[in-house]
Structure formats: C-alpha cells, structure tokens
Amino acid sequence: MNIYGYDINKKGLHQGDVKIPEAMGVVAGGVFLAILSIFRIYFNLQDLANEVNKVQFFSSSFAIGFALVLGYIDDFKNLSWRFKILLPTLPGLCLLMTYTGGTTIIIPKILQSTFNINPLIDLGWMYKIFIFLITIFCFNSINILAGINGLEVGQSIIITLAIITHNLIQITNGITLHAHISSLCMMQPFLATSFGLLIFNWYPASIFIGDTYTYFAGTTLAVAGIHGHLSKTMFFFFMPQILNFVYSLPQLFKIVPCPRHRLPQFNKKSGLLIGSNDMNLVNLVLRWHGPWSERNLCKFILSFQVLCCILTLVVSNAKSYNLHNL
Ligand code: UD1
Ligand code: MG
C-alpha cells in the first residue's frame with residue numbers, strides 16, 4: 001500500500017527526510033480483534049456469557065472494527081473533518097442500543113442541600129445521549145492530541161492502565177462484576193498490542209501508528225468505559241483530551257484558520273520545538289514552558305495524563321467505597 005509519512009518535528013535533519021511507515025495501528029488492531037474473538041469463543045465454550053454479553057460483544061467488535069477500517073481509509077485518503085466527525089455516529093448508535101448500565105447520577109452534597117433535591121437523579125434518555133456523545137468524542141480525541149512521537153500511544157496506554165485499575169478495585173469491592181470483567185477482557189489485549197507499538201513509536205519513532213490506531217484506540221477505550229459502566233469516571237480520565245478539544249474548538253470550527261498540521265515549529269540549530277499559534281495542548285505547553293525537546297515535551301504531557309488518572313481513581317473509588325459502606 002506504501003503508506004508512509006515524514007517526521008515533521010525533525011524537518012531539516014536526516015531523520016526528517018526518511019519515509020516512516022504509517023498506519024501500523026492496523027497490526028495492533030488486527031491482533032486485538034483476533035484475541036477478543038478467542039476470549040469470546042472460550043467464554044461461549046465454558047457457557048460463561050449470557051445473551052446481553054453476546055450482543056454487547058458483537059456491537060463492540062463492530063464499533064472497533066469499523067473505527068479501524070475508517071482509520072485505515074483516512075491514512076490512505078486523508079478524509080475531511082466533516083466526515084471524521086460524522087462517521088463515528090454509526091458505532092456510537094451501535095453501542096447505545098446495547099447499553100445496559102445505569103442512567104442515574106449522584107448530585108454533589110453542596111447542591112443537594114442548597115436546592116433540597118434527591119441525591120440520585122435518573123437522567124434516562126438524556127444519559128444515553130451522553131453515552132452517544134462520549135463515543136463520538138473518544139473516537140476523535142486521541143487523534144487531535146497528537147503529532148509528537150509516542151504521544152498518541154502513550155496517552156492511550158495510561159488511560160488503559162487507569163481503566164484496568166478501576167475495574168480491579170470495583171471487582172474487589174464486588175460491584176457489577178460482569179461489567180468490569182467484560183471491560184477488563186477488552187483492556188488487556190489492547191494494553192499488550194499498544195505496548196508493542198509504543199516500543200517503535202517512542203522518540204525517535206521508527207513507525208507512525210496512523211489514524212488507524214488513534215480511531216481504534218479512542219473507540220476501544222469508549223467501549224471499555226461504556227460496557228464497564230464507568231462512563232462518568234472516563235470523563236475525568238480524558239481530562240487532557242477534553243481540555244485539548246475545548247481549546248481546539250475555534251480551529252476545528254474554522255473560526256480561526258486551521259492548517260493541515262497543527263504541530264510546533266522545529267529549530268534545527270537547537271534541536272528543540274517551539275510552540276506555534278495553533279490552538280492545542282502541545283503548543284500551549286510549549287508557549288508556557290519555552291523551547292523544549294520532543295521527548296521531554298511528550299513525557300510532560302503524559303505525566304499530566306497520569307496525574308489526571310490518579311486523581312480520578314482516588315476520588316471515584318473513595319466515593320464508591322463510601323456508597324458501598326452506607
Ligand atoms: C491530526 C491533527 C493535526 C496533527 C496530526 C499529527 C487536528 C485537528 N489534527 O490530524 O493537527 O498535525 O494529527 O498527528 O488536531 N507526524 C509527525 N510526528 C508524529 C506523528 C505524526 O510528524 O509523531 C506527522 C507525520 O507526517 C504523519 C502525520 O503527522 O504522516 C499524520 O497525520 P494524520 O494523522 O494524518 O493527521 P490528522 O489525524 O488528520
Ligand atoms: Mg491522525
């Protein structure tokens with residue numbers, strides 16, 4: 001297929017002139033779907049899956065497979081933003097139709113006492129719209145917090161580790177076992193295949209993971225969050241992506257001109273990156289910190305991701321522990 005890209009953040013150096021194979025996420029995605037099918041065959045043979053699990057498995061596999069194909073087409077053809085925002089509606093609807101989790105939210109204590117309202121509110125269909133929007137958001141969110149070696153896979157791995165930890169804590173507490181086990185079954189092969197990619201995509205990258213991986217990763221994380229009944233917790237795991245998305249909105253909606261690549265500028269002499277005026281987290285960090293090496297910039301953004309995940313894990317599990325012991 002001859003899908004390749006140039007490492008833009010090394011422009012002018014020898015490394016910047018070398019063709020780097022892109023769309024390598026297709027390997028990770030293919031292996032992931034194969035392992036997921038083996039899990040499912042095993043569960044069916046052992047009679048461990050009920051009808052809901054089976055339907056959810058098909059909807060998840062469809063959504064993830066669809067994202068993978070779409071990403072591959074994007075790497076090949078470079079789709080327009082209109083398409084990228086519209087196409088995840090299909091996997092989103094698919095997941096929504098098979099959602100079996102709660103639709104209730106807990107109102108913070110301060111609001112309960114101020115407005116004298118119930119601590120639990122059932123949002124019904126409004127909650128399902130929230131789930132649908134999560135899928136569309138996740139589908140695109142990893143792809144737009146991108147462009148420096150290791151960042152896309154790095155953030156996906158950290159969120160995956162956070163979801164796995166959350167599932168394990170909830171299983172230990174005996175909360176909604178089936179949902180958390182199904183989420184874990186999805187996250188383990190995803191973690192393994194992503195690590196395989198990170199080894200080659202870490203600075204200096206010898207492969208690019210392409211939109212094939214970013215869409216596949218976003219959708220897989222959304223599926224694990226939705227079917228694992230942790231969509232609210234996911235919202236906070238994705239805090240760096242949310243900040244990046246909100247800050248990017250003027251460019252995504254073309255209120256401010258949006259170039260094909262919103263990458264920093266590379267200073268060949270110093271070997272450091274400088275923040276451009278493009279509105280994303282990568283440039284914002286660079287404008288705040290000053291010139292920085294690609295590797296350290298990536299480590300810094302990933303550390304922020306780790307911090308968001310740890311804070312979310314502490315707060316959400318302390319809350320569920322309290323609820324469980326009421
Ligand atoms: C998204 C971003 C775009 C960013 C691009 C880079 C938005 C709206 N779009 O576009 O701003 O420039 O991702 O991933 O935010 N590349 C590198 N180094 C890397 C990773 C990628 O130089 O570590 C370059 C390579 O030339 C590669 C290309 O980015 O070929 C891939 O870009 P692509 O994924 O097709 O861009 P988009 O997803 O459309
Ligand atoms: Mg991309």
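Values in this text are rule-based calculations from the coordinates and carry no lab data. Quick caveat: nothing in here was measured; it's all calculated off a predicted structure. Ideal geometry is used to build each Cβ from the backbone, glycine not excepted, and the neighbour counts take in all protein chains shown.
A few points about this structure:
- The one condition from (1) out of contact with any Phe, Trp or Tyr (no Cβ under 7 Å at 6 or more places or on another chain); (2) surrounded by 15 or more Cβ atoms within 10 Å (Cβ to Cβ); (3) within 23 Å of Phe130 (Cβ to Cβ) that Trp292 does not meet is (3).
- Test for Ile181: is it over 16 Å from the mean Cα position of the chain (by Cα), among the β-branched types (Val, Ile, Thr) and not in a loop (DSSP other than H, G, I, E, B): yes
- Residue list for the range 132-191, filter: more than 16 Å from ligand 2 (Cβ to nearest atom) and hydroxyl-bearing (Ser, Thr, Tyr): Thr135, Thr160, Thr165, Thr172, Thr176, Ser182, Ser183
- Qualifying residue in the range 152-165 (condition: among the charged types (D, E, K, R) and more than 23 Å from Leu307 (Cα to Cα)): no
- Taken over the range 1-51, the residue count meeting the criterion of being polar (S, T, N, Q), without any contact (Cβ under 8 Å) to a residue 12 or more places away in the chain and under 30 Å from Arg262 (Cα atoms) is 1.
- Only one of Leu221, Leu297, Leu243, Leu302 that is outside any loop (DSSP other than H, G, I, E, B), away from ligand 1 (no atom under 12 Å from the Cβ) and farther than 30 Å from Leu96 by Cβ: Leu302
- Close pairs from the range 268-279: first at negative phi, partner among the small types (Gly, Ala, Ser) and in a loop (DSSP other than H, G, I, E, B), Cβ under 6 Å, at least 6 apart: Lys268/Gly12; Leu272/Ser293
- All conditions in (1) over 19 Å from Cys298 (Cα atoms); (2) touching a strand residue (DSSP E or B) at 6+ places or on another chain (Cβ under 8 Å); (3) not basic (Lys, Arg) hold for Ile148, with the sole exception of (1).
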